[in-house]
Amino acid sequence: MCPKYWPSRGGVETYVREIATRLASKNEVEVLTTNHDGKLAACENVLGVAIKRFRSWAPNDTIHCSADMFTYLRRFSDSYDIVHANSYHALPAYYAAECKHSNRLVFTPHFHGTVGHSRIRSLLHIPYKILGRRMFSRADRVISSSRFERAQILQSFEISANRLVLIQEGIAPIPHAPRREPKHGKTILCVSRFEKYKGIQHIITALLHLPELFTLTLIGSGPYANQLHELVQRLNLQKRVVMKHGVTEEELYRSYLESDVAVLLSQHEAYSLFIGEALSVGVPCVVANRDALVEWVDGESCIGVDDPANPEEVVEAILRVAGRRVNRGLPKWDDYARRLVEVYEEVLQD
């Protein structure tokens, strides 16, 4: 279960797709997800995975409230051996917890704290935590992707440590086509949802202080897109910033291979698949020294900055690593799927 599924793009969507397609080779797998704009098929089978999409209400692409999904689970939850719910920050996981009966429940919260990304969201987290407690208390196992996320869960919810399993997410191999070096300049890449807390505005501001040979490619979408466009225009950086939305996998892979440095200055992250994918193809990274991003920092392949809003610090970090090719061993999704099967077998035996 997940708020959105492929072809929607994002960390949770990628996580569910990678494990679902692998599990489907030996198991019957269904993905229950939402379809708030009604543009995708209600039912289809892709790569051996049965997908059921339910109508939903998703203001600003959040919450993903679906009475149809809730009703379906109340009727059919017992027909599944295991329900694997994803994302604390949307309602489908709550439906899975509330409708649990004889099935086992595994929960991957992709959790980065109960502090919202704005004052209003922080206030909403207070009543929402009541639902959150239900998700965690009813789960037979909770899976975290980083030490930071694990610590946040233990701090925020009453959950026994023996029900909490740490498994670092895998990185899908990106096809290594011959790298096409740009004729001129260096490229900074950021693949992210366009939200204020992601810190993309700090990368744009830092670009103003970098030599003109540097350009910035932003790939993503979200409610902060207009503000980012306005900032680019205000700083007169239209010729140096490219914003892309709805790119194909091939275009995304090419963006990785043609980049000189990947940058993510987010305030809140539970893992960051983007940074993992960049490192997997040898692209050095600059991240904010915040939350789970700290766990990527090694001072060589990935550098952390303490103050993302300080353009001088960001510029210094980018200049230090831009163009460097790195080689870092990373976990694979096949390994993750095998460990996940072990967790499933454990809960079925309990």
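Strands (runs of 3 or more DSSP E) fully within the range 88-182 that include at least 3 residues being more than 22 Å from Val16 (Cβ to Cβ), within 20 Å of the chain's Cα centre (by Cα) and at pLDDT 90 or above: none found. Among the candidates Thr33, Thr21, Thr71, the residue that is free of Cβ contacts under 8 Å to residues at least 12 places away in the same chain, hydroxyl-bearing (Ser, Thr, Tyr) and outside any loop (DSSP other than H, G, I, E, B) is uniquely Thr71.
Yes/no per residue for (1) modelled with pLDDT of 95 or more; (2) crowded, with 21+ Cβ neighbours inside 10 Å; (3) under 24 Å from the mean Cα position of the chain (by Cα):
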site	(1), (2), (3)
Val46	yes, no, yes
Thr62	no, no, yes
Met69	yes, yes, yes
Ser79	yes, no, no
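Residues in the range 55-96 that are small (Gly, Ala, Ser) and at positive phi: 1 in all.
Of all residues in the range 220-244, those satisfying the criterion of being in contact with a Phe, Trp or Tyr (Cβ under 9 Å, 6 or more places away or on another chain) and either small (Gly, Ala, Ser) or more than 19 Å from Thr205 (Cβ to Cβ) (or both) are Gly220, Ser221, Gly222, Pro223, Ala225.
In the set Asp350, Asp334, only one residue is among the charged types (D, E, K, R), surrounded by fewer than 20 Cβ atoms within 10 Å (Cβ to Cβ) and within 20 Å of the chain's Cα centre (by Cα); that residue is Asp334. Can you find even one residue in the range 321-329 that is more than 30 Å from Asn86 (Cβ to Cβ), under 25 Å from the mean Cα position of the chain (by Cα) and among the basic types (Lys, Arg)? Yes, the range 321-329 contains at least one residue that is more than 30 Å from Asn86 (Cβ to Cβ), under 25 Å from the mean Cα position of the chain (by Cα) and among the basic types (Lys, Arg).
All of Tyr256, Tyr344 fail the test of being within 14 Å of Val191 (Cα to Cα), in contact (Cβ under 8 Å) with a residue 24 or more places away in the chain and among the aromatic types (Phe, Trp, Tyr), apart from Tyr256.
With a requirement of 1 or more residues that are touching a Ser or Thr at 6+ places or on another chain (Cβ under 8 Å), of a type in the set (Lys, Arg) and at pLDDT 95 or above, the strands (runs of 3 or more DSSP E) lying completely within the range 235-350 that satisfy it span 241-244. Please go through the range 14-24 and give me each residue that is at pLDDT 95 or above and either closer than 18 Å to Trp57 by Cα or not basic (Lys, Arg) (or both), ordered by number. Of everything in the range 14-24, those that are at pLDDT 95 or above and either closer than 18 Å to Trp57 by Cα or not basic (Lys, Arg) (or both) turn out to be Tyr15, Val16, Glu18, Ile19, Ala20, Thr21, Leu23, Ala24.
The values are calculated or read from the model by the stated rules, or taken from the named source; none is laboratory data. Note that the structure is predicted; figures quoted are calculated from it, not measured. In this analysis, Cβ positions are derived from the backbone assuming ideal geometry, glycine residues included, and neighbour counts consider all displayed protein chains.
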